[in-house]
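Comments concern the structure below.
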Amino acid sequence: MTDLPFKVRANFWIEKDGQVVLSTWRVSLLQAIEDTGSISAAASQLGISYRRAWEKIHESEERLGVKLVETQTGGSGGGGSYLTAEGLDYVHRFRVFSAGLNEYVSRRFNEHFAEE
């Protein structure tokens, strides 16, 4: 078999009642919040507005029925954000679930579309 001049890509997400609750992108947003300690910094890192980031977090929290992100305000140390225990758990479980799925999809694609 020879390699094709193109590759297949797949995007995975989890829905509840037809609405996205977690996706590769949303998990990346949550991980960026955990890494930077800030929704604003995470949004900037992903090239989106703070408002859009907060909207997606809120949607996921509402649909899952749990708080994913905790925010701190004021004080001499300023604000900041971090993932709750539930948020960390969902990020971990989504990453475990999706690990290897793109490789599996690529393998299946090559089985059916690669030229012989």
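Counting neighbouring beta carbons within 10 Å and listing from fewest to most, the residues 6, 109 come out as 6, 109. Neighbour counts of C-beta atoms inside 10 Å place 17, 35 in the sequence 17, 35, starting with the fewest. Among 100, 18, 47, the residue with the largest mean-square fluctuation in a Gaussian network model of the chain, with springs joining Cα atoms closer than 10 Å, is 18. Each Lys and Arg Cβ is given +1 and each Asp and Glu Cβ -1; about its Cα centre, segment 23-74 then shows a dipole of about 160 debye.
With r as the distance between the Cβ atoms of residue 10 and residue 55 and R0 = 25 Å, compute the FRET efficiency 1/(1 + (r/R0)^6) and round to 0.05. Spell out each step's value before the answer.
Details: r = 25 Å, r/R0 = 1.00.
Computed FRET efficiency for residue 55 and residue 10: 0.50.
About its Cα centre, the dipole of segment 17-116 is roughly 220 debye, where the only charges are +1 on Lys and Arg Cβ and -1 on Asp and Glu Cβ.
In this structure, the amide hydrogen of residue 21, modeled 1.01 Å from its nitrogen in the peptide plane, lies closer than 5 angstrom to those of 14, 15, 16, counting only residues at least 5 positions away or on a different chain. Projecting label points 7 angstrom from Cα along Cα→Cβ for residue 20 and residue 92 puts them 2.5 nm apart. Once the Cα atoms are used to define both axes, helix 50-64 deviates from the longest principal axis of the chain by about 80 degrees. Our summary gives the chain a relative contact order of 31 percent, counting only alpha carbon pairs under 8 angstrom and 6 or more residues apart. Which of rounded, prolate or oblate describes the chain when judged by the alpha-carbon gyration tensor and an a/c cut-off of 1.5? Since a/c reaches 1.5 and a/b is larger than b/c, the shape of the chain is classed as prolate.
Using R0 = 25 Å, the C-beta based FRET efficiency linking residue 44 and residue 99 works out to 0.35.
Bear in mind that the values in this text are calculations on the coordinates, not laboratory data. All values reported here derive from a predicted model rather than from experimental measurement. A quick note on method: Cβ atoms are made from the backbone with ideal geometry, for glycine too, and the neighbour counts reach across all protein chains shown.
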